[in-house]
1. Using the heavy atoms of the protein chains alone and a 1.4 angstrom probe, what is the accessible area of region 223-288 per residue in square angstrom?
2. What fraction of the Cα pairs in region 32-162, stated in percent, has a spacing above 18 angstrom?
3. Where nothing but the Cβ of Lys and Arg (+1) and of Asp and Glu (-1) is charged, how large is the charge dipole of the chain around its Cα centre, in debye to the nearest 20?
4. With all protein chains present, how much of the accessible area of region 247-358 (probe radius 1.4 Å) comes from carbon and sulfur, to the nearest whole percent?
5. Per residue Cα convex hull volume for the chain, in cubic angstrom?
6. Can you give the accessible area per residue of region 310-358, in Å², using a 1.4 Å probe?
7. Given charges of +1 on the Cβ of Lys and Arg and -1 on the Cβ of Asp and Glu, with all other atoms neutral, how large is the dipole of region 208-286 about its Cα centre, in debye to the nearest 20?
8. If I stretch the segment between V18 and F143 completely, what's the gain in nm (0.36 nm per residue apart, minus their alpha carbon distance), one decimal?
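The values are calculated or read from the model by the stated rules, or taken from the named source; none is laboratory data. These numbers come from a predicted model, not from an experiment. Backbone-built Cβ (ideal geometry, glycine too); neighbour counts: all protein chains shown. The accessibility values were calculated without ligands, DNA or RNA, using every heavy atom of the protein model including side chains. Shrake-Rupley method; radii C 1.70, N 1.55, O 1.52, S 1.80 Å.
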Amino acid sequence: MEARRTSNRAQNIILFSVAILFTLVIFFIDLNVPQSIAFGAVYSMIILYSWLLPGKNTMIYAGIVCTVLVITSLVKSNSPENHNSLEGVNAIISIIVIWICVTLVAAAKRGYEGLEKVLEKLEDKVFERTKDLELKNKELEQFTYIASHDLQEPLRTVTSFAELLATNYSQHLDENGKKGIQYMLKATERMKNLIKGLLDYSRIGSDTAMKNVDCNMMLTEIMEDLATAINANQADITIGNLPKDIKAHDLELRQLFQNLITNALKFKKDGVQPKIHISSSEKNNYRLFSVKDNGIGIAKEHRKKIFKIFQRLHTASKFSGTGIGLAHCQKIVELHRGKIWVESEVGIGSTFYFSIPA
Ligand code: ADP
């Protein structure tokens, strides 16, 4: 703070010194130029320059000084033997020009200061709103966490009683009763997955720091983790150029890749070998990643909504899932201050892109 004040003071001293020097030069030339020329009008440059000087009324003081100098120069040269009728007129012209400039600079400076105040207020408002939003977001995440955490307990009770019914009392039930219990067990399983998804969602990025991540190594490990699904689908996965060192939340980034690759495997076309290509490039300070597949594709009208929580385009019987995977991806990308989107053609395939600051 103190250093900034000192540097401001030094800057002001330089600006004032230049103004004084400039004024003296003009005054000196004005004294030596024939008075038939309205050289005093050049003082208007000092007035324009006073825009840079601190203080609300500096241009007025500069105007007064310049007026005094114009009059001094007129008086000095106005000896009886050297009398010229134009001198008075030229001095008046110079003074008029000086004061026109004073008025213009004062008006412009006032307007500019007003604008600066408006901008400052706007910045303050944006700052406050962002803080409010962050707080609300945190509260919402906490609420999601607590709600989903507390929902687990009654769900566990329902599940264990349904299992008890299925094992110990099924002989007392008719076919409809047995089917009912199986529906109940399937529903509780689905609910368990949804709650787990919600809990994971609220936990994303809550207490992890950024690390240096080698994406090649990360992808190799993900391929090992997904080996069963990759082999079961006989998928052909190729990996292009990936960065060896980027700053990221590593667990979250791993989950992001894993979700996109799992989806690329899951939403494959019947009877077609899944082909998946993962690559990356650098663009305008951003790292752009892509996961491309040759799956079923996504219609244009659904390309935004699939990133919302619990949004699915298919029934659970056709493709399993909870509709939370891409919401996770979006939250992870936003945690890295990036963007995620999809380009796709129905029946041809989809490419999911995400960009994070390089
Ligand atoms: P889930 O996979 O559990 O359904 P997601 O949030 O991962 O949930 O995906 C939401 C929806 O987006 C999916 O139900 C599917 O319809 C669509 N989708 C996601 N990835 C792909 C993909 N690679 N190809 C086609 N559709 C996809």
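1. On the way: 3700 Å² over 66 residues.
Each residue of region 223-288 exposes 56 Å² on average to a 1.4 Å probe.
2. On the way: 6017 of 8515 pairs.
Percentage above 18 Å: 71.
3. Values: 43 positive and 37 negative charges, 131 e Å.
Dipole about the Cα centre, nearest 20: 640 debye.
4. Details: 2890 of 5750 Å².
So the carbon and sulfur contribution to the accessible surface is 50 percent.
5. Numbers: hull volume 83.9 nm³, N = 358.
Normalising the Cα hull of the chain by residue number yields 234 Å³.
6. Accessible area per residue: 50 Å².
7. Charge dipole, region 208-286, about its Cα centre: 260 debye, nearest 20.
8. Working: separation 125, 0.36 × 125 = 45.00 nm, distance 6.24 nm.
That pair, V18 and F143, stretches by 38.8 nm at full extension.
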